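Taken together, the values in this text are just the output of simple stated rules run on the coordinates, not laboratory data. In this text, all values refer to a predicted model and were calculated from it rather than measured experimentally. Ideal geometry is used to build each Cβ from the backbone, glycine not excepted, and the neighbour counts take in all protein chains shown.
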Number of protein chains: 2
Amino acid sequence: MQISAVDFFYAAMPVVTLDADGSQDALLVRVRSADGAEGWGECEASPLVSIAAFVTPRSHGVCQPVAASVIGERLESPADIARLSENVRRNSMDLLQAAHTWSGVEMALWDLLGTQLGAPVWQLLGYKQNIAKDPYASLLFGGTPEETFERGRAAVEAGYGAVKFGWGGFGAGSLDADQAQLRAAREGVSEAKLMVDAGQIWGEDVDAAAARIPLLEEVNALWLEEPFSPYAYLAHAELARRSPQVALAGGEASHNPEMAKNLIRFGGIRFVQIDTGRVGGIGASKEIADFAAAEGVTYVNHSFTSHLALAASLHSFAGQATSTLCEFPAGLSELAKAVTATALVPDEQWQVSAPTAPGIGIAVNLDAVAPYLREVELRVDGAVLNAAAMSVGK
Amino acid sequence: MQISAVDFFYAAMPVVTLDADGSQDALLVRVRSADGAEGWGECEASPLVSIAAFVTPRSHGVCQPVAASVIGERLESPADIARLSENVRRNSMDLLQAAHTWSGVEMALWDLLGTQLGAPVWQLLGYKQNIAKDPYASLLFGGTPEETFERGRAAVEAGYGAVKFGWGGFGAGSLDADQAQLRAAREGVSEAKLMVDAGQIWGEDVDAAAARIPLLEEVNALWLEEPFSPYAYLAHAELARRSPQVALAGGEASHNPEMAKNLIRFGGIRFVQIDTGRVGGIGASKEIADFAAAEGVTYVNHSFTSHLALAASLHSFAGQATSTLCEFPAGLSELAKAVTATALVPDEQWQVSAPTAPGIGIAVNLDAVAPYLREVELRVDGAVLNAAAMSVGK
């Protein structure tokens, strides 16, 4: 089939706060073939900028809009998606945002292809099995230790066997403040696995990070996530040496597979966390999952948006036997909940799996999203560049 | 002073081709203080997307528009620029394009600050000397070896003692075709230094690149530039091992200092090429120049746009005694030539230096750019986000 249209849907909560909650807006992508079949994906993040990267006028031969590598192309097999990925990398080499834009488009192409071939994406990726994962509740630290305690307790009461807390000022204040938060978290989650996300708070300051390691050991944290900038390999490696018990985790900022591989090679992380909506899509995520498995590093999805993005992430590492954890956004906005017609729900063993329906296997509910849609118009010299997208859903 | 306004000017040639000529469009940035002083910078590349990254609605706390870290801030000293750089890194962590947008804004802040303090930027950076550089003519390979020969000959006849050829299909075809181009280049430039830019043509394929090394040795090429993707450190390192004579060069894609440092640390490059309009501006470029000098690696500017960007680049490494080469775009578009009121011209020793006038020290000629300006309007729910920028210059 031929890819005939790509439309973007920018949705946002009425009020977008400065919280680190990535589900406050969403950029959905619909890809359609000439014969009317469609597939859906989701870009992370900054909807307006990612739309601009799809429709912008070209700057030169290797700074072309993402659209130039997609519209009108053939889509018959996974090899076509890999070919288009390579074309985007080449033709949009100097357009930094292209990777984020392409990620959602790529997802939608897998969805479209799977739907047409009658197969779930994990099968198209070559996986023989769809292995259920243990979801961990991904939560923000509370404003107070008491609030953190309550959030943790609620998560384990809901059924989670693992909980991650992050952001909320962790690492930016005193050691005592961090210790109080960590102890409250451990108390709240009881015997569950506990992970901590520092959100790059220490930049490249290894000593600042290392000062928290004893506190993390005390509460038996499984991992410390994103202590540093995603390019600070040497800082990661040094902290890894100074933290034999608490593993380092990272990789969510990767906007291509090589970036994640380098964090594994040179940074000494033991969990690699990939956002399928940023890294180049499902194919790029699968490439990293295979690499991580070969290196003895555990692949984990990074998901803090809708269950469409979550499902796409699950396909990427569905067949990886050694990757058994799954980030499960447990505090999504009303918008993010509205995106999909159904939600991924842990089964009776409190596990989640990639959908088995064709494609990504989870339907977008455009009617439910409609109240959140924002109308976008990008004009250059009076001409509207995103004509198709802006007319839809309003 | 207080930063009160940032305006963007998107200019483009009437026809933008698929050539690798980065001077076919331009994104100029004007920063103004509350008391009416102004400074100018230039972003590289993709103007519409970079404007969007400045004005987009926020997605969450660390996915804010670049404007959020700039407008209303104080600017009194270089430390303020470093502080704003750090704020952009933090507040726009998940907005990939932010680095390109910030680069032009940062340049304009140095220009504004230097103008106000009556000092050239290189002095504000702490350099004691402004060391003249040997410009190399940066050219694209001709469509035929004969054309390449003519371009090379014209460059040395103009006075250049070094010439670089790149792109134009080099590395994508047969070894014979590449050899014919290289021999023509060497013949054309005679005894001048000769460099070759592969434009990432080999992805991560070390053997394909290594096959060209004997051809490059035959013509005594000083460096081979960007053989691979900028993240393919291991491929770079392996090729470096297999090419003891011809040095590897790279780094132009770096969108933060750490990325360039990693290419030095892990990729074995001997020339690091930095685009001040992408890497985070003049301060980020200076950071890399200092690092390179300490590592025994030669810093070179990457410049293929206007002389505003070229001058900004020159300030960044003006005082580095071991970095004596300067990329000098010798085939700029009419637009790029129109951007500045004056051009940087090699002196009687055929050397160029950073301007000594306050700030970046080269004036923008907005009247001359006016015929090339493109009117941009970014609307979300009907409201124009870039109201100031769109009203200017038309």
For this session: Measure off 7 Å from each Cα along the Cα-to-Cβ vector at residue B:150 and residue A:13, then give the distance between these two points in nanometres to one decimal.
Result: 6.3 nm
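Where does each of B:42, A:295 land when they are ranked from fewest to most other beta-carbon atoms within 10 angstrom?
On the way: B:42 29, A:295 13.
Starting with the residue having the fewest Cβ neighbours, the order is A:295, B:42.
To the nearest 20 debye, what is the magnitude of the charge dipole of region B:124-339 about its Cα centre, counting +1 on the Cβ of each Lys and Arg and -1 on the Cβ of each Asp and Glu? Could you put the intermediate results ahead of the total?
Values: 17 positive and 26 negative charges, 129 e Å.
It comes to approximately 620 debye.
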Problem set entry | Selection from B:272, B:343, A:136, by position along the positive dipole direction of the protein assembly as shown (Cβ) | B:272
Problem set entry | Two-site label geometry, residue B:365 and residue B:207: point separation in nm, points 7 Å out along Cα→Cβ | 5.3 nm
Exercise. Which cross-chain or sequence-distant (5 or more) residues have an amide H under 5 Å from the amide H of residue B:299, H modelled 1.01 Å from N in plane?
Worked result: B:272
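Give the order of A:226, B:44, B:377 when sorted by the count of other beta carbons within 10 angstrom, beginning with the fewest.
On the way: A:226 26, B:44 29, B:377 17.
Exposure proxy ranking, most exposed first: B:377, A:226, B:44.
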Seminar exercise, completed: Between residue B:330 and residues 5 or more places away or on another chain, the pairs with built amide H atoms under 5 Å apart involve B:138
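Can you pick out the pairs among A:164/B:261; B:286/B:337; A:261/B:164 whose Cα atoms lie more than 29 Å from each other? List each step's numbers first, then the result.
Details: A:164/B:261 32 Å; B:286/B:337 26 Å; A:261/B:164 32 Å.
In this structure, A:164/B:261; A:261/B:164 exceed 29 Å between Cα atoms.
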Seminar exercise, completed: Scoring only Lys, Arg, Asp and Glu (+1, +1, -1, -1) among other residues with Cβ under 15 Å from the Cβ of residue B:206 yields -3
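Please report, in debye to the nearest 20, how large the charge dipole of region A:1-156 is about its Cα centre when each Lys and Arg carries +1 at its beta carbon and each Asp and Glu carries -1 there. Kindly include the intermediate steps, with their values, before the conclusion.
Values: 11 positive and 19 negative charges, 97 e Å.
Roughly 460 debye for region A:1-156.
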For this session: Scan around residue A:194 for amide H atoms under 5 Å from its own, H built in the peptide plane at 1.01 Å from N, and keep only partners 5 or more places away or cross-chain.
Result: A:163, A:222
Exercise. What does the charge dipole of chain B about its Cα centre add up to, to the nearest 20 debye, if the Cβ of each Lys and Arg holds +1 and the Cβ of each Asp and Glu holds -1?
Worked result: 760 debye
Exercise. How do B:13, A:107 rank when sorted from fewest to most other Cβ atoms within 10 Å of their own Cβ?
Worked result: B:13, A:107
Seminar exercise, completed: Under the 7 Å Cα-to-Cβ spin-label approximation, residue B:5 and residue B:175 lie apart by a distance in nanometres of 6.1 nm
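I need the Kirkwood Rh of region B:192-254: take the reciprocal of the average 1/r across all distinct C-alpha pairs and report it in angstrom.
Working: mean 1/r = 0.0877 Å⁻¹.
Over region B:192-254, the inverse of the mean reciprocal pair distance is 11.4 Å.
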For this session: Using the 7 Å Cα-to-Cβ label point, sort the distances from residue B:14 to its equivalents in the other copies shortest first and give them in nm to one decimal.
Result: 5.1
Exercise. Can you give me the relative contact order of chain B as a percent, contacts being Cα pairs under 8 Å and 6 or more apart?
Worked result: 20 percent
Seminar exercise, completed: Over all directions, the protein assembly as shown yields a Cα convex hull whose mean projected area in nm² is 31.0 nm²
Problem set entry | Nm distances between copies for residue B:296, ranked from closest, using label points 7 Å along Cα→Cβ | 3.3
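Tally Lys and Arg at +1 and Asp and Glu at -1 over the other residues with C-beta under 12 Å from the C-beta of residue A:295: what net charge comes out?
Working: positive: A:261, A:265, A:270; negative: A:290.
Every neighbour counted, the sum reads +2.
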For this session: Normalise the Debye intensity by I(0) for region A:264-330, one equal point scatterer per Cα, no solvent, then take log10 at q = 0.12, 0.19, 0.27, 0.28 Å⁻¹ and round to two decimals.
Result: -0.25, -0.64, -1.23, -1.30
Problem set entry | FRET efficiency, residue A:34 to residue B:220 (Cβ-Cβ, R0 60 Å, nearest 0.05) | 0.65
Exercise. Cα-Cα pairs above 28 Å in region A:124-339: how many percent?
Worked result: 24 percent
Problem set entry | Bins of 10 Å from zero: percent of alpha-carbon pairs in region A:52-157 | 13, 29, 20, 20, 15, 2
Seminar exercise, completed: Along region B:166-174, Karplus-curve 3J(HN,Hα) (6.51, -1.76, 1.60; θ = phi - 60°) to the nearest Hz, with x for Gly and Pro, reads x, 6, x, x, 4, x, 9, x, 7
Problem set entry | CD proxy at 222 nm, helix term only [per DSSP H run n ≥ 4: -39500 (n - 2.57); per residue of chain B; nearest 500] | -11000 deg cm²/dmol
Exercise. Between copies, how far does the label point of residue A:220 sit from its twins, in nm, shortest first, when each point is 7 Å from Cα along Cα→Cβ?
Worked result: 7.0
For this session: For peptide B:17-23, compute the average count of partner chain beta-carbon atoms within 10 Å of each residue's beta-carbon.
Result: 4
Seminar exercise, completed: Excluding residues fewer than 8 positions from residue B:193 in its own chain, the aspartates and glutamates with Cα under 12 Å of it are B:134
For this session: For region B:227-366, list log₁₀ I(q)/I(0) at each q in 0.21 Å⁻¹, using the Debye formula over Cα point scatterers of equal strength and ignoring solvent, two decimals each.
Result: -1.23
Exercise. Can you give the three extents of the C-alpha atoms in chain A along their principal axes, from longest to shortest, in whole Å?
Worked result: 58, 44, 43
Problem set entry | Within straight-line cross-link reach of residue B:133, aspartates and glutamates at Cα separation under 17 Å, skipping those fewer than 8 residues along the same chain | B:275, B:290, B:327, B:347, B:348
